[in-house]
1. Where in the chain are the DSSP H helices whose alpha-carbon span along the long axis reaches 30 Å or more and whose Kyte-Doolittle mean is at least 1.6?
2. How big is the charge dipole of region 2-102 about its Cα centre, in debye rounded to the nearest 20, if each Lys and Arg gets +1 on its Cβ and each Asp and Glu gets -1 on its Cβ?
3. Based on the Cβ-Cβ distance from Met96 to Arg13, what FRET efficiency comes out when R0 is 25 Å, to the nearest 0.05?
4. Where both partners of a DSSP beta bridge lie in the chain, what percent of those bridges are antiparallel, to the nearest 5?
5. May I ask you to list the aspartates and glutamates whose Cα is less than 14 Å away from that of Lys25, ignoring any residue fewer than eight positions away on the same chain?
6. Using a Debye calculation, one point per C-alpha and no hydration shell, please list log10 I(q)/I(0) for region 30-78 at q = 0.24, 0.28, 0.30 Å⁻¹ in order.
7. When the label point is put 7 Å from the Cα of Asp60 along its Cα-to-beta-carbon vector, which residues of region 1-18 have a backbone N closer than 19 Å?
8. At 10 °C and a viscosity of 1.306 mPa s, what translational diffusion coefficient does Stokes-Einstein give for region 2-102, taking Rh as the Kirkwood radius over Cα pairs? Give it in µm²/s as a whole number.
Amino acid sequence: MNRLLSTISLCKRAGKLLMGYDRVKDAVFAGKAHIVFTATDLSERSRKGVILLCEADNIDHFVLPFSMEQLEYEIGRRTGILAVTDPGLAGKLHAMLTASTEE
């Protein structure tokens with residue numbers, strides 16, 4: 001899981017990570033978001049809104065195995081909704097999460 005957090009942090013340093021519902025929603029509608037994540041402790045109502053948003057535009061959504069507090073420690077901002085705008089980094093994160101759920 002440390003690799004996963006490190007890659008998310010890399011996305012932030014590269015300027016390819018969007019945080020917060022409004023920024024993620026705008027990126028999804030603009031076709032710039034390649035993958036969307038939510039924290040484990042995000043409210044059910046917010047999570048459902050994000051899932052509907054992703055399903056409407058055929059974007060992969062994953063619930064990260066991290067709380068908002070853990071994400072805040074790694075990326076410097078307390079948020080429960082994230083999107084990656086780089087297709088290469090999104091693919092790498094998708095592969096990591098898919099591999100970890102298959103194990």
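1. none
2. Approximately 260 debye in magnitude.
3. Plugging the Cβ-Cβ distance into 1/(1 + (r/R0)^6) gives 0.90.
4. 65
5. Leaving aside aspartates and glutamates fewer than 8 places away in the same chain, those within reach of Lys25 are Glu55, Asp57, Asp60.
6. Values returned for q = 0.24, 0.28, 0.30 Å⁻¹ are -0.92, -1.05, -1.10.
7. It comes to 1-12, 16-18, nothing else.
8. Using the Kirkwood radius from Cα pairs, D works out to 120 µm²/s.
No value in this document is a laboratory result; all are computed from the given coordinates. As the structure is a computational prediction, the values presented were derived from the model and not from experiment. We place every Cβ from the backbone using ideal geometry, glycine too, and count neighbours over all the protein chains shown.
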